[in-house]
1. Can you give the mean number of other chain Cβ atoms that lie within 10 Å of the Cβ atoms in peptide B:43-54?
2. Within the P(r) computed for chain B, what percentage of the Cα pairs occupies the region above 32 Å?
3. So what's the angle, to the nearest 10 degrees on a 0 to 90 scale, between helix A:255-267 and the longest Cα principal axis of chain A?
4. Quantify how strongly other chains surround peptide A:57-64 by giving the mean number of their Cβ atoms within 10 Å of each of its Cβ atoms.
5. Can you spot the aspartates and glutamates whose alpha carbon is less than 13 Å from A:LYS46's alpha carbon? Ignore those fewer than 8 places along the same chain.
6. Starting from the Cα of A:ILE342, step 7 Å along the direction of its Cβ; do the same at A:LYS242; then give the gap between the two resulting points in nm.
7. Pick out, from A:GLN73, B:ILE7, A:ALA309, the residue whose Cα sits farthest towards the positive end of the charge dipole of the protein assembly as shown, with +1 on the Cβ of Lys and Arg and -1 on the Cβ of Asp and Glu.
8. Distance between the C-alpha centers of the stretch B:225-289 and the stretch A:260-285? Whole Å please.
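Nothing in this text is a laboratory measurement; each read-out follows from the coordinates by a stated rule. Fair warning: this is a prediction, and the values are worked out from it, not measured in the lab. When we count neighbours, we look across all protein chains shown, and the Cβ atoms used for this are built from the backbone with ideal geometry, even at glycine.
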Protein chains: 2
Amino acid sequence: MKKRIGIKDVAKEAGVSIATVSYIINKNPKESISQETIDRVNEAIKKLNYVPNLSARSLASNKTNLIGVVIPQTEPGKKFMFNNPFYGEFLSSVEYVARTKGYHVLISGTDANQSYLEVAKKRSLDGIIIVGMYDEDFYEDLKKSQIPIVLVDSYCKDHYFHSIQINDRYGGYIATKYLIEKGHRKIAYITGMLKKGGVNDHRLLGYIDALKEANIPFQDECVYSGNVGYEYGIEVADLIYKRGNRETAIFCSADIMAMGVMKGLKNRGLRIPQDISIMGFDDSYISKLLDPALTTVKQDINLKGCTAANIIIDIAENRIKGKQDVILPLEIVERESVESLI
Amino acid sequence: MKKRIGIKDVAKEAGVSIATVSYIINKNPKESISQETIDRVNEAIKKLNYVPNLSARSLASNKTNLIGVVIPQTEPGKKFMFNNPFYGEFLSSVEYVARTKGYHVLISGTDANQSYLEVAKKRSLDGIIIVGMYDEDFYEDLKKSQIPIVLVDSYCKDHYFHSIQINDRYGGYIATKYLIEKGHRKIAYITGMLKKGGVNDHRLLGYIDALKEANIPFQDECVYSGNVGYEYGIEVADLIYKRGNRETAIFCSADIMAMGVMKGLKNRGLRIPQDISIMGFDDSYISKLLDPALTTVKQDINLKGCTAANIIIDIAENRIKGKQDVILPLEIVERESVESLI
DNA sequence: TTGAAAGCGCTAACAG
DNA sequence: CTGTTAGCGCTTTCAA
């Protein structure tokens, strides 16, 4: 096992002190060093093939250049929700921004046995991006960390956290309104778990807003709540099919659920959109590929990911101060899955 | 800023030496410590809310419990390939296994400017999982790292690396053979880039094997090679549509491409499978959701991810010795996208 | 403009 | 069975 070459070797090679090398590596602006020295050191680094050891650096400087991303899981203790394309697209953007800024991304599901706080502290994360909504306790726990945290798609109102969101209520509203304007009166809302104050709950509120505005009475039986995923979509499709007094349109709170619903409906021989209209949420890449292509509420997933990464890094580097809260825009993308009844 | 509590504090609190605490934390089996002491230390840990600092541990022990996963990118310097559901499913499994074994997962695309070797060394990764196939140089570079590396879906034959693969040639063969048995004679093969000796190339070989076996002449014009992704699938669908002497079946080297092809074909008014049959590869979750549901070559993505993680961890912990090479099974999943012509 | 030296928190001999 | 201690590689004050 040949010895790992360190800053010391570089210093010796270049004939300078360790500190000088350190300054140069870190481009420390406070110290001004002669260009000649800099060149000499850089040469030595090249020659020796020196790579700094981040563990050591972290220990000394308490800076890890590591950002943690927490992704919701389908079920506790299971793998995470990557059968929702949203997360892949999001993560991809985060990683890209992080990488270009010299950070690395540590991904993690949430484990019931082990608080994420522990992970965060163990690894001395510089920042954390948490996607989705969790229990009160989870947030409470994390507050102790003293680490900058950005919450994505969470309605946790705690002042400690930064946040990136969309206006879910508005999203639910415009989707439903769109359907109503197309002449639909009996509209189903299919969603993941309706946690009080959660994303899906807000979309439901928007759905109700639109109904009210159009003087359509809200019917409990028209909202279906289960696991976010195509499986539940299929299930609901069956439910709807079997019922006599059928909805003419379905608003799904995620494209992936819409995908399931469409599949389920087709299995039953229903035509989309002639027999029943479908509306999604997210505009993930699958929405254009569905048949018919899915009309959906578009949120810019890529932008969401980049924003999350940029904010957390800016905060970690003290480039911005104060609580950050950003609301990203939403718009309807019209495709082929909604039939006009008028 | 309150001082971070360290092993020293725990030792003091429990009235033992720091070494004892260290032994207990690491469950060091060589040292036997009285149960009473262990309890006392654990209590102190609880009480003080002590969390070990992994940077420090890494520095001292040269062990990071960090495993790197490299995911291919769509285009150099861009985000990675998460619009192929394969990667999400794979990564999810890796993370899950890693987490349950006390490891964390660092994800990364590959950056042209920065060799991954640098990342690996900087972070002192305990192991690396590399998905996909890269240039000779990339592997050559990584060999210098001295870090255990598992290659997933790569035909790099270098003895240094462990590998997890499927028999792609066989996969191409059974898929094509299946189509032939259904009476198809003019069969297209749609694939990502055909790097010499790569995954897609092997599948092509299998495709040719099956053709040969059935005495069907191989036609160059029937193989379409572009970017892995739905976009190229759509493109090819158009190409095929426009041509007179049309294929009756298409074998796609990834489900996501099949998805694109199906969409493109439908846009042109072609019916699947009546007008043209489609076969996929992977059996990612979308394949059941397509309409018609996709007949495809199933590889167990979840198993692939778990295996990769298990191997790399076992190696990192010296639990297994010697080069590991595993070939995972493949099978055809019959659904609705292939029409029998006979 | 550069260098010496004191840690950062932990592990792992080695001694007792 | 438990304690002492020398680093791991780097940052950063402080002095030269």
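1. Details: counts 0, 0, 0, 0, 0, 0, 4, 1, 10, 3, 7, 9.
Mean partner shielding for this stretch: 3.
2. Numbers: 24826 of 58311 pairs.
Roughly 43 percent, once rounded to a whole number.
3. Approximately 40 degrees, to the nearest 10.
4. Details: counts 3, 6, 8, 2, 1, 3, 1, 3.
So the per-residue partner count for this stretch is 3.
5. Cross-link targets: A:ASP9, A:GLU13, B:GLU118.
6. 3.4 nm
7. Most positive-ward Cα: B:ILE7.
8. 20 Å
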